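Engineer: This is the structure I want to talk about, given as structure tokens.
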Amino acid sequence: MTTKAFYPYAFLLLRKDASRHAVTFLLFFVIVFLLFSVLFISTSLQHDQLAIAQNEPEILVENYKGGKKSDIDDFFMQPLYGLKGVEKIIPRVNGKYYFEQAGVYFTVIGIDFFAPNFNEYINQFTKQKINLASKDLFFVGSGVKKSLEHFYYKNNFTVYTQKGEAKRVKIVPLEDKEFRLLGNNLILCDISLARELLALETFEYSDVYLSVPNEAEIPNLVAHIRTLHPTAKITTKEEKISKIHTLYDTKGGIFLSLFIVVLLSFMILLYQKTLFSFASEKKEIGILRAVGWKITDIITLKIIQNLFIALSGYFSALLCAYLFVFKLGAPLLQNIFVGSDKTLFIPHFTPSFGVGELVIVFLVGVVPFVASVLFPVWKLSVIDPTEVMK
Amino acid sequence: MITVTNLDKVHNAGQKNEFIALSGINFTAANGECVILKGVSGSGKSTLLSLVGGMSKPTHGSVRIEGHNIAKLPDDKLSHFRLTTVGFIFQSFNLIDDLSFRDNVLTPTICLNISDKEREKRFLKACELANISSKESTLAKDLSGGEKQRCAIARALINNPSLIIADEPTANLDKDNTLYFIETMKKLKKLGKTILIATHDEIFEQSTLADRVIKLQYGHIVS
Amino acid sequence: MNTVLLSNGVIALLFTETILYVLAFVAFVWGLKIYKNWNFESLASSQYLLEKKNYFTTTVIVFILGIKFVLLPLFAHIVDGLSDVVPGAMCGAGVISANDYGMPIFIIKLVVLFLGVCWSIANTIDLQNNYAYTKRKYELFFGIFILLTLEFLLQGLYFTHISLESPVMCCSIIYGASNSGSTLPLSLSPSTLSVAFGILFIMLFIALINKTKTLSFMLGALFLYFGYYFVLHVVGIYVYELPTHICPFCMLQREYFYVGYLLWGSLFLGSFFSMAPLVLEGLIHQESKQSFTVAIFFNLLLAIIALYFVVGFYLKNGVWL
């Protein structure tokens with residue numbers, strides 16, 4: 001049973017050996033910091049992707065010919081209008097534009113300022129910026145902006161349509177936070193310009209979204225659409241969300257599994273270090289035992305000290321990881337997730353983690369830490385006081 | 001106060017390197033008595049002190065302190081006994097070098113559920129008895145030999161134990177400090193404390209401190 | 001490979017459980033030696049060594065049981081989180097029923113915690129009484145170890161056998177009116193169940209105040225049984241503010257402010273501490289007065305939370321559900 005004076009005394013003994021524990025603290029801090037950082041990035045990206053998916057309609061229909069994605073037209077969409085339970089049918093014009101100078105692809109999404117678009121963020125954007133409705137404006141994400149500026153395209157840019165025509169467009173950065181979620185390599189432009197860039201004729205589209213207010217009807221509708229278009233790829237919102245979870249679980253899980261290998265090495269190191277510090281601490285513990293400290297007092301003392309090191313490493317790593325990811329944007333580390341494509345650079349991550357993530361890191365970090373020192377602590381605690389008398 | 005009956009201590013019993021440290025020890029010490037244990041190195045003096053002080057356990061026999069057989073107490077009760085009933089003074093002082101004088105002296109009070117006020121009161125009383133002050137914040141490793149000794153005495157006295165055990169307490173002290181130690185022990189004896197001292201130093205037998213001298217040889221009491 | 005195993009929560013849980021099991025195994029092996037050779041009256045050095053080893057095993061067991069208390073709500077949280085990837089599941093109820101191993105694991109975890117509580121109390125009493133009950137304490141631990149082994153194996157089987165292809169039932173099917181799994185005991189109606197639970201609460205409270213072991217045990221067991229249905233069918237619908245929403249897992253989610261952890265936690269702990277004194281009486285012929293106090297605390301906590309939701313809803317809306 002600890003007394004009021006126990007904890008200050010425990011920290012006093014810890015402080016006098018601070019240099020000896022500093023290495024353990026630093027190693028543990030680095031491990032937990034990396035773990036937290038990766039977890040924060042992963043949950044943030046997952047959160048953003050889920051937010052996008054939540055804002056999109058319930059069913060996406062894509063046409064496939066010979067296993068390759070193909071465009072759709074009014075003829076393809078015509079039967080869909082007759083489906084009961086479908087509130088809205090929103091065709092999409094989107095694709096990739098190759099920026100040859102940088103050797104990268106930008107995602108182009110054609111937006112209609114006067115009709116519903118497939119994403120709520122875009123709908124809000126078109127409502128707010130209706131005065132900017134123009135065929136020669138490129139609304140660009142930060143990754144695209146950075147890429148263009150690198151080649152001195154600050155205000156204007158010349159694009160080439162599929163027919164080889166050059167078009168001069170004005171660059172307008174997308175400042176809204178919501179577009180960061182959609183992707184930084186994004187270009188929003190008028191739907192007719194998008195068609196020209198993506199070689200789509202009028203009444204041709206990339207794919208189509210169906211808005212279904214009653215979730216219970218979705219499986220029926222999917223089955224119905226399959227009979228209408230047997231080769232089409234139909235993705236429901238639920239499937240998309242599940243895929244996002246699975247993707248991030250898989251990525252995160254592989255990382256965590258590899259991390260655990262690192263952690264096991266740390267545990268072995270810590271075990272050996274604690275065991276070998278036995279010699280230098282033996283006299284001190286022997287003195288405490290000799291003056292009347294119980295074995296349980298010594299065990300409690302040592303566990304408190306180790307717990308303090310572990311918890312201070314944990315919390316300082318948590319704070320540093322938070323600042324590193326959410327304030328500094330996780331430079332270098334984010335490349336693990338987004339690759340080296342500069343246009344996919346993410347300047348800000350959305351803080352979105354819960355108690356669950358904190359508990360996971362606690363279990364994977366602090367619990368093995370304490371488990372590693374249990375045996376060495378016990379070995380130290382049962383020293384015969386007569387050892388001191390020799 | 002102390003009754004030791006048929007005490008044996010065998011190290012590595014039943015093994016090739018079995019060693020009988022003590023055999024058939026019987027002796028008593030009354031309250032307020034000072035007993036000197038004499039004998040060459042390896043005679044069993046330190047072993048006997050550690051058994052009486054509850055620092056180790058005998059192989060056979062009993063050690064009764066104020067009627068309680070401490071030989072078969074579990075560790076927590078034995079530790080509590082050491083904490084409250086025994087004050088140990090070691091040959092090499094056994095202070096924690098990187099702690100201050102004050103923290104060393106207070107070490108035995110940390111596990112006791114007493115108020116800070118009581119703790120402070122005990123500290124001042126112990127320093128008064130050991131006749132040392134104004135060294136509170138000095139690290140133990142920076143104290144002189146005599147100061148270390150007095151720090152060790154203060155630590156031994158802080159919980160007002162009824163039994164003081166000293167193992168070769170003056171082996172590392174000069175003559176002046178030795179005499180000073182003896183005077184301190186006389187003071188404690190007057191307060192009714194029972195004192196056991198293991199020593200080679202003849203000066204203890206010559207002083208008026210000792211009531212009895214027990215001589216040990218090869219783990220037996222010879223006189 | 002089942003991608004469920006790549007979920008962060010599942011990895012963390014299985015990793016921690018593995019560490020704890022390894023420690024438990026070491027404690028078991030050492031415990032067997034201690035149990036076989038323990039003789040507190042002996043002055044032999046071998047006995048002193050056993051006493052020293054006893055400190056290690058005790059520390060390890062306390063550590064394991066302490067972490068287990070954290071792992072149970074985490075298990076519930078992880079299972080609930082898996083509802084995003086398991087088709088058909090809307091909450092943990094569906095995921096738990098994804099295979100035959102789910103519910104048994106939950107029950108074993110609860111039994112381990114209950115026996116762990118008993119062991120902790122027995123350990124405290126043992127230390128206060130010169131190791132008079134060490135052997136009985138280890139007997140209890142050996143039983144706990146068997147359950148830990150079973151739990152470890154079943155947990156591995158559970159997570160490796162969750163299918164991401166076959167849809168599972170959601171809570172409205174599992175606990176819905178048409179399903180027998182949700183039938184109230186003795187065919188009581190929710191209002192009668194509430195009255196019965198209230199009477200049981202008062203009787204248990206009196207038994208705990210009077211520290212009567214046998215009565216506390218019996219009433220505690222009934223309290224656990226009826227309490228489960230009370231929380232599920234009465235309190236739950238007020239938490240969800242929907243008379244048809246009957247689910248033990250949904251109330252663990254963020255949108256309900258994780259109140260499920262408090263409700264289930266206080267129910268289980270209150271029942272455990274009510275039943276513990278009789279178990280300890282049988283094991284070590286000693287009683288623990290603190291158990292009664294702790295049981296009163298958790299049972300009161302459950303009552304307060306239940307009243308907050310039920311009566312609170314009525315006061316806010318003027319109707320009962």
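Just so it is clear, none of the values below were taken in a lab; they were calculated from the coordinates. Quick caveat, the model's predicted, so the values are computed rather than measured. No Cβ is skipped: glycine too gets one built from the backbone with ideal geometry, and neighbour counts run over all protein chains shown.
Engineer: Measure off 7 Å from each Cα along the Cα-to-Cβ vector at C:Val195 and A:Ser277, then give the distance between these two points in nanometres to one decimal.
Structural biologist: In this crude label model, C:Val195 to A:Ser277 measures out at 6.5 nm.
Engineer: Measure off 7 Å from each Cα along the Cα-to-Cβ vector at A:Ala216 and C:Ile107, then give the distance between these two points in nanometres to one decimal.
Structural biologist: It works out to 3.4 nm between the two label points.
Engineer: Binning at 10 angstrom from zero up to the longest distance, how are the C-alpha pair distances of segment A:27-95 distributed in percent?
Structural biologist: The distribution over segment A:27-95 is 15, 29, 23, 15, 12, 6, 1, given as percents.
Engineer: Full-extension gain between A:Glu120 and A:Thr250, please, as 0.36 nm times their residue separation minus the C-alpha to C-alpha distance.
Structural biologist: Once the chain is fully extended between A:Glu120 and A:Thr250, it gains 43.9 nm.
Engineer: Step through the residues of segment C:204-210 one at a time and calculate ³J(HN,Hα) from phi using the Karplus curve (6.51 cos²θ - 1.76 cosθ + 1.60, θ = phi - 60°), rounding each to whole Hz and writing x for Gly and Pro.
Structural biologist: 5, 4, 5, 4, 6, 4, 7
Engineer: Another question, if that's okay. Excluding residues fewer than 8 places away in the same chain, name every one of the lysines whose C-alpha is closer than 30 Å to that of A:Lys237.
Structural biologist: Output for A:Lys237: A:Lys65, A:Lys68, A:Lys69, A:Lys84, A:Lys88, A:Lys96, A:Lys127, A:Lys129, A:Lys177, A:Lys251, A:Lys342.
Engineer: Right, something else. Top mean-square fluctuation among A:Leu363, A:Leu200, A:Leu80, Gaussian network model of chain A, C-alpha springs under 10 Å?
Structural biologist: A:Leu363
Engineer: Follow-up. Can you give the Rg and Dmax of segment A:59-211 based on its C-alpha atoms, in angstrom?
Structural biologist: Both quantities, over Cα of segment A:59-211: 15.8, 52 Å.
Engineer: I need the phi-derived Karplus couplings for segment C:152-159: 6.51 cos²θ - 1.76 cosθ + 1.60, θ = phi - 60°, integer Hz, Gly and Pro marked x.
Structural biologist: After applying 6.51 cos²θ - 1.76 cosθ + 1.60, I find 4, 5, 5, 5, x, 5, 4, 5 Hz.
Engineer: Residues in segment B:193-223, backbone N under 15 Å from the label point at B:Asn26 (7 Å along the Cα-to-beta-carbon vector): list them, ranges by number please.
Structural biologist: Within reach of a label on B:Asn26, which here means backbone N under 15 Å from a point 7 Å along Cα→Cβ, segment B:193-223 contributes B:220-223.
Engineer: Now for a different question. Under the rule of at least 5 residues apart or a separate chain, name every residue whose amide H is placed under 5 Å from the amide H of B:Val213.
Structural biologist: Here B:Ile36 satisfy the definition.
Engineer: Follow-up question, since we're still on this one. What ranking, highest mean first, results for peptides A:163-173, A:86-96, A:375-385 when packing means the other Cβ atoms within 10 Å averaged over each residue?
Structural biologist: A:375-385, A:86-96, A:163-173
Engineer: Calculate how steeply helix C:289-317 sits against the longest principal axis of the alpha-carbon atoms of chain C, using the helix alpha-carbon long axis, and give the answer as 0 to 90 degrees to the nearest 10.
Structural biologist: 10 degrees
Engineer: Give the aspartates and glutamates whose C-alpha is closer than 17 Å to that of B:Lys72, dropping any in the same chain fewer than 8 places away, or say none.
Structural biologist: Answer for B:Lys72, where 17 Å is the Cα cut-off: A:Asp384, B:Asp8, C:Glu41, C:Glu51, C:Asp126, listed by chain and number.
Engineer: Residue by residue through segment A:202-217, what is 3J(HN,Hα) from phi via Karplus (6.51 cos²θ - 1.76 cosθ + 1.60, θ = phi - 60°)? Round to whole Hz and write x for glycine and proline.
Structural biologist: After applying 6.51 cos²θ - 1.76 cosθ + 1.60, I find 4, 6, 10, 9, 7, 6, 9, 9, 10, 9, 10, x, 9, 4, 5, 8 Hz.
Engineer: Let me ask something else about it. Across the Cα atoms of chain A, what radius of gyration and what greatest pairwise Cα-Cα distance (Dmax) are found, in Å?
Structural biologist: Calculated on Cα positions, Rg and Dmax stand at 29.8, 97 Å.
Engineer: Which percent of the Cα-Cα distances in segment C:272-311 go past 12 Å? Display every interim value, and only then the final one.
Structural biologist: Values: 469 of 780 pairs.
Cα-Cα pairs in segment C:272-311 separated by more than 12 Å: 60 percent.
Engineer: Same structure, new question: What helices does chain A hold that run 20 Å or longer along their axis, going by alpha-carbon atoms, with a Kyte-Doolittle average of 0.5 or more, using DSSP H for the helix calls? Present the calculation step by step, with values, prior to reporting the outcome.
Structural biologist: Details: long enough: A:18-54 (51 Å, 1.39); A:237-276 (57 Å, 0.74); A:295-322 (40 Å, 1.40); A:355-381 (35 Å, 1.99).
Span-like helices, by this rule, are A:18-54, A:237-276, A:295-322, A:355-381.
Engineer: For labels at A:Ala22 and C:Ile206 in the simple 7 Å Cα→Cβ model, what's the distance in nm?
Structural biologist: 6.7 nm
Engineer: Among C:Val60, C:Val22, C:Val239, determine the one that fluctuates most according to a GNM of chain C built with springs between C-alpha atoms less than 10 Å apart.
Structural biologist: Of C:Val60, C:Val22, C:Val239, the most mobile in the Gaussian network model is C:Val22.
Engineer: Now, a different point. For the protein assembly as shown, list log₁₀ I(q)/I(0) at each q in 0.04, 0.08, 0.11 Å⁻¹, using the Debye formula over Cα point scatterers of equal strength and ignoring solvent, two decimals each.
Structural biologist: Debye curve over Cα of the protein assembly as shown, log10 I(q)/I(0) at q = 0.04, 0.08, 0.11 Å⁻¹: -0.30, -0.91, -1.32.
Engineer: Sticking with this structure for a sec: Shape of chain C from its Cα gyration tensor (a ≥ b ≥ c, root eigenvalues): rounded if a/c is under 1.5, otherwise prolate when a/b > b/c, or oblate?
Structural biologist: Working: a/c = 2.72, a/b = 1.37, b/c = 1.98.
Since a/c reaches 1.5 but b/c is at least a/b, the shape of chain C is classed as oblate.
Engineer: Where nothing but the Cβ of Lys and Arg (+1) and of Asp and Glu (-1) is charged, how large is the charge dipole of the protein assembly as shown around its Cα centre, in debye to the nearest 20?
Structural biologist: Result for the protein assembly as shown is approximately 2340 debye, rounded to the nearest 20.
Engineer: Here's another thing I want to ask about it. Please work out the ratio of the alpha-carbon Rg of chain B to 2.2 N^0.38 Å and round it to two decimals.
Structural biologist: Rg over 2.2 N^0.38 Å, computed on Cα atoms: 1.01.
Engineer: Can you list, largest first and rounded to whole Å, the semi-axes you get for segment C:3-160 by taking the square root of 5 times each eigenvalue of its Cα gyration tensor?
Structural biologist: Ellipsoid semi-axes (Å, largest first): 37, 14, 11.
Engineer: Let me have the relative contact order for chain B, percent, based on Cα pairs under 8 Å that are six or more residues apart.
Structural biologist: It rounds to 31 percent for chain B.
Engineer: A further question on this structure: If I fit a long axis through the Cα atoms of helix C:259-284 and take the longest principal axis of the Cα atoms of chain C, what angle between them do I get, 0 to 90°, rounded to 10?
Structural biologist: That helix lies at roughly 30 degrees to the long axis.
Engineer: Among B:Cys151, B:Cys127, B:Cys111, which one shows the biggest mean-square fluctuation in a GNM of chain B, springs joining Cα atoms closer than 10 Å?
Structural biologist: The residue with the greatest mean-square fluctuation here is B:Cys111.
Engineer: How much FRET efficiency would the formula 1/(1 + (r/R0)^6) give for A:Glu149 and A:Ala51, where r is the Cβ-Cβ distance and R0 is 22 Å, rounded to 0.05?
Structural biologist: 0.20
Engineer: Calculate how many DSSP beta bridges within the protein assembly as shown are antiparallel, expressed in % of all such bridges and rounded to the nearest 5.
Structural biologist: Numbers: 49 of 75 bridges.
Counting only bridges with both partners in the protein assembly as shown, antiparallel ones make up about 65 percent.
Engineer: Going by C-beta contacts inside 10 Å, put B:Thr109, C:Thr149 in order with the fewest on the left.
Structural biologist: The fewest-first ordering by Cβ neighbours comes to C:Thr149, B:Thr109.
Engineer: Rank the residues C:Trp264, C:Trp38 as a footprinting-exposure proxy: fewest other Cβ atoms within 10 Å of their Cβ go first. Kindly include the intermediate steps, with their values, before the conclusion.
Structural biologist: On the way: C:Trp264 23, C:Trp38 16.
Least crowded to most crowded, the residues run C:Trp38, C:Trp264.
Engineer: Would you list which lysines come within 17 Å of A:Lys379, measuring only between C-alpha atoms, while excluding same-chain residues fewer than 8 positions from it?
Structural biologist: Here the lysines satisfying the reach criterion relative to A:Lys379 are A:Lys273, A:Lys282, A:Lys283, A:Lys294, A:Lys302, C:Lys52, C:Lys53.
Engineer: Please report how far the C-alpha centroid of segment B:31-60 lies from that of segment A:85-151, rounded to the nearest whole angstrom.
Structural biologist: 91 Å
Engineer: May I pose another question? Computed FRET efficiency, Cβ-Cβ of C:Ala221 and C:Glu241, R0 35 Å: what is it to the nearest 0.05?
Structural biologist: 0.65
Engineer: Let me make sure I get this right: for segment C:175-317, a, b and c are the square roots of the gyration tensor eigenvalues over alpha carbons, sorted descending. Under 1.5 in a/c it's rounded, otherwise prolate if a/b > b/c, else oblate. Which is it?
Structural biologist: Taking the square roots of the gyration eigenvalues as a ≥ b ≥ c, segment C:175-317 is prolate.
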